[in-house]
Amino acid sequence: LRLVFVDYYGTGDYKLQTKLEITPFSMVSPEWDPPNLAKYQWIGEIAMDERRAADLAIFDYNVAAEVTSSPEGPLAQVKVDIPFARLDYKKEGEKYIYDLSVAVEIRDKEKNIITRQEEEIRDSLPWERLKSNITNQLTIHRTWSLDLPPKSHFIYISVTDKVRGKRLRKLLTVSLK
């Protein structure tokens, strides 16, 4: 029996890697080569190559929306938090660069875009600061205030990690009373 615990995000929070229980490495034949076998073998290693740790980070972010009233009409406060631990970085010299594109759209029931705001977020950090941000579970926080016409609405949030080349969209539903 072999138990492997993995610290996926470098935070000191180790999780049991249960997929390794399916096929112990001692029973794997040389002819059998599943696509992720090399990744799982690397997970079990004690010595890590820090550059490959980013391969295990799952790109994700947190979103929330709150509807408030103003003299001009209802507003949606949309908050996006992107953990530093969930991003990929490109090393240039002594700095680590992240590059994001964040878009927030309000759509009607027919999925027509009513309002759209977009922001490019790009920065470079020295290794010690990046390591501190990940260890302390810091996030990139953005807030948008968007006017809401009086109907049910869908709020689409899209974050693109340009370094990784991945985009993740999330949907929030807002109903006005």
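What follows draws every value from the coordinates through simple rules; no lab data is involved. Just so you know, these numbers come straight off a predicted model, no measurement behind them. Glycine also receives a Cβ, built like all others from the backbone with ideal geometry; neighbour counts cover every protein chain displayed.
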### Length gained when the stretch Glu128-Lys111 is fully extended (0.36 nm per residue, less Cα-Cα span)
1.7 nm
#### Entry: Pairwise FRET efficiency - Leu16 versus Ala64, Cβ, R0 = 25 Å, nearest 0.05
0.25
### Query
Counting Lys +1, Arg +1, Asp -1, Glu -1, what net charge surrounds Tyr61 among other residues with beta carbon under 12 Å of its beta carbon?
+4
### Task
Sort Asp161, Asp60, Asp88 so that the residue with the fewest other Cβ atoms within 10 Å of its own Cβ comes first and the one with the most comes last.
Asp60, Asp88, Asp161
#### Entry: Dipole magnitude of segment 59-174, debye to nearest 20 (Cβ charges: Lys/Arg +1, Asp/Glu -1, about Cα centre)
400 debye
### Task
Starting with the fewest neighbours, write out Phe84, Phe5, Phe154 ranked by other beta-carbon atoms found within 10 Å of each beta-carbon.
Phe5, Phe154, Phe84
### Task
For segment 59-174, state what percent of all Cα-Cα pairs lands in each successive 10 Å bin, counting from 0 Å until the bin that includes the largest distance.
13, 41, 27, 14, 4, 0
### Task
For segment 128-177 and segment 60-83, write down the distance between their C-alpha centroids in whole Å.
9 Å
### Query
So what's the projected area for segment 123-169, the Cα convex hull averaged over all directions, in nm²?
5.1 nm²
#### Entry: Around Val78: net Lys/Arg minus Asp/Glu count, Cβ-Cβ under 9 Å
+1
### Query
Ranked by Cβ crowding within 10 angstrom, fewest neighbours first, how are Ile58, Ile134, Ile106, Ile121 ordered?
Ile58, Ile121, Ile134, Ile106
